[in-house]
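Enquirer: First, the structure itself, so that you have it in front of you.
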Amino acid sequence: MIDELDVAFEEDAEPSGSRRKHRGGKGRGRSAVALVLTLLLFAVLGGGVYFGYTKVQSFFVAADYDGAGTGPVEVTIAKNSSLTEIGNALVKVDVVKSTKAFLEAAEAEPRSKNIQSGTYVLRRQMAAKYAVTQLLDPNTRLSRGVTIPEGKTAKQTYELLAKGTGIPVKDFVEAAKDPIALGVPDWWFKRNDGKQVSKTVEGFLFPDTYEFDPKASAEQVLRTMVGRFLTVSGEMAFADEVQRNRKVSPYEALIVASLAQAEAGVAADLPKVARVAYNRAYVKDMVLQFDVTTNYWLELNGKDPKHSGSLLTKEMEDPKNPYNTEIVKGLPVGPINSPGKAALIGSMKPATGPWLFFVAVDKKGNSAFAVTDAEHQKNVQKACANGIDLCGK
């Protein structure tokens, strides 16, 4: 039994040299294959690591262009835009490759907080740092801000717009002939007091700082200003509030706001002046005797406005003046300027009081208010003592 097993073992062992060499060659082949597989494995793993690294790196390194860019392109930066919003605007027209790259470049430049709204000429596919530099260069800015202060008349507004845009005054005058076409809803031109309506754009050119497209026409400029008025008054719910609480039409309340804007020397007095206008026009059915309406008529006729103490009786009582408040009861036919937000609020929420008179009593513009004429005359004397030119009127 043992002999048979030994023989079987010896046969399996195959002591022949040729057979051992054959087996040795097969082992070396396997080692080579293993080596190749190992190298491939490392290559795959290495590629995976590299791919993963580049993938992760992309989350931290902002995509950006190189160089100063190619062809020119106009970009408009809206008013009060954040740096993120500016970056988004630049990406949209392919000035910079990513908002993140722009933000990083802006953060590295302390002056970036001074980037202004307006229309700029930049270049497509710029490195973000160059885009920031160009936005800070006034020579790349096409449009210039035009500021319209509160209380400016339409005529004064046209002159300011002409200086700021280069569009002739006559173009604004022509464009303003149809306020409905400029976006003023027809319902604004309604009155509850039965008086005539002056259907003009006066009062609807909201005072603000604007950045107009360099290619904008006079009509487009005025439409923008009317749109701003509608936005501000709409956010205040101006029309609804005055109809519900004041029982007047929005147009009448707009007239009161313009009167207060013209008469009040300081913002704190706007609600009180509005109250005086409401009291005299609706409670007492009196003439307003607001000198500013006379000056408005003088301006419409090409004459310079005057200080209250210099107005002539014939000027104040001119029967041809539809804005006359010296001899005609109630509110004038329309607004006499563009009131600001504070004046609109003062008209919408006037101060509570029985006042019927007011007068500026110091050179800072503060007014004193009175219920009786006797009280008012004392305030007038106080004004005269303070150097306000009223005495002798």
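Enquirer: Residues of the stretch 85-102 with the amide nitrogen closer than 13 Å to a label point 7 Å from the Cα of residue 124, along Cα-to-Cβ, please.
Expert: From the stretch 85-102, the list is 92-96.
Enquirer: Translational diffusion coefficient of the stretch 263-347 at 37 °C, 0.692 mPa s, Stokes-Einstein with Kirkwood Rh over Cα pairs, in µm²/s as a whole number.
Expert: 244 µm²/s
Enquirer: Please enumerate, by chain and number, the lysines with C-alpha under 18 Å from the C-alpha of residue 349, excluding those fewer than 8 residues away in the same chain.
Expert: Those lysines meeting the cut-off are 247, 272, 341.
Enquirer: Now for a different question. Determine the relative contact order of the stretch 176-267: mean sequence separation of Cα pairs under 8 Å and six or more apart, normalised by residue count, in whole percent.
Expert: 33 percent
Computed from the coordinates by the stated procedures, all read-outs in this text should not be read as laboratory data. The structure displayed is predicted, hence computed values, not measured ones. Glycine gets a Cβ as well: all are built from the backbone with ideal geometry, and neighbour counts include every protein chain shown.
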